[in-house]
Amino acid sequence: MPKKIIESPLMPAATPEKRKNRRFDRKNPSASSRGVSLIVVMIILLIVSILGVAGIQISMMAERGTRNDRDTQIAWQAAEAALIDAEFDIEGQPATSTHLRSSVFNSGSTDLSKFIDSCGNSGDSIGLCNLNASGKPAWLTVDFTDTSSNARTTAFGTYTDRTFPAGNKGIQPAQAPRYVIEPIPDPAVARTQGPTGMKYVYRVTSMGFGPRTDIQVALQMIYRN
């Protein structure tokens with residue numbers, strides 16, 4: 001049975017339009033709540049998306065850093081191997097090598113004629129550099145990446161016949177490490193004799209490479225035989 005609307009004598013009768021507005025006003029709070037909830041959800045989604053992107057970037061940076069550390073370590077080990085090869089070169093080891101030049105480094109009678117300005121690139125002078133007392137040292141002027149027949153650096157195994165794994169197979173150096181040798185008057189020996197009687201120590205500078213030739217590590221040692 002339909003309800004009867006009782007009009008108060010103290011207030012004007014409610015018109016159909018006013019009754020409609022009242023019903024509409026009662027529904028507004030619910031619509032507003034739904035709008036606020038949508039905004040909150042959108043903000044949460046935005047924050048989650050930002051955090052997700054940041055997490056991905058951090059992960060990629062960590063992976064890149066790990067890869068760089070690995071590549072640098074490969075280059076470091078290659079440079080160390082070149083220093084050891086230079087020691088063998090100076091000492092004339094191994095004895096089975098067919099390209100020994102240990103006579104150049106005889107203790108007390110270093111053959112200085114084999115050490116060339118700007119470094120030698122042929123015969124027994126490859127990678128042997130005169131000491132530059134006034135300008136840049138040889139190891140700062142030569143191109144360690146040069147692998148041509150005119151290269152002024154000594155490639156690993158050139159005079160020792162030892163081998164070094166390098167190339168594009170797997171994770172290994174892009175090319176074999178190289179080194180140069182400079183004679184330095186031995187400060188432990190009195191300099192009262194001529195150059196032929198003077199003893200020398202040798203400054204050896206090596207460069208190793210990572211999986212790419214632009215990943216480089218240079219090491220240096222002073223060697224006394």
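The values are calculated or read from the model by the stated rules, or taken from the named source; none is laboratory data. Quick caveat: nothing in here was measured; it's all calculated off a predicted structure. Ideal geometry is used to build each Cβ from the backbone, glycine not excepted, and the neighbour counts take in all protein chains shown.
Okay, residues lined up against (1) surrounded by 12 or more Cβ atoms within 10 Å (Cβ to Cβ); (2) touching a residue at least 24 places away in the same chain (Cβ under 8 Å):
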{"site": "ILE116", "(1), (2)": "yes, no"}
{"site": "CYS119", "(1), (2)": "yes, yes"}
{"site": "SER125", "(1), (2)": "yes, no"}
{"site": "LYS136", "(1), (2)": "no, no"}
{"site": "ARG162", "(1), (2)": "yes, yes"}
{"site": "ASN168", "(1), (2)": "no, no"}
{"site": "ARG178", "(1), (2)": "yes, yes"}
{"site": "ASP186", "(1), (2)": "yes, yes"}
{"site": "TYR202", "(1), (2)": "yes, yes"}
Item to check | Number of the condition not met by GLY65 [criteria: (1) over 27 Å from VAL217 (Cα atoms); (2) modelled with pLDDT under 80; (3) not aliphatic (A, V, I, L, M)] | outcome: (1)
Checklist entry - Tell me, which residue of the stretch 138-160 that is of a type outside the set (Ser, Thr, Tyr), in contact (Cβ under 8 Å) with a residue 40 or more places away in the chain and not in a loop (DSSP other than H, G, I, E, B) is surrounded by the fewest Cβ atoms within 10 Å (Cβ to Cβ)? => result TRP139
Checklist entry - What about ALA82, is it hydrophobic (A, V, I, L, M, F, W, C), assigned to a helix (DSSP H, G or I), out of contact with any Asp or Glu (no Cβ under 6 Å at 6 or more places or on another chain) and surrounded by 14 or more Cβ atoms within 10 Å (Cβ to Cβ)? => result yes
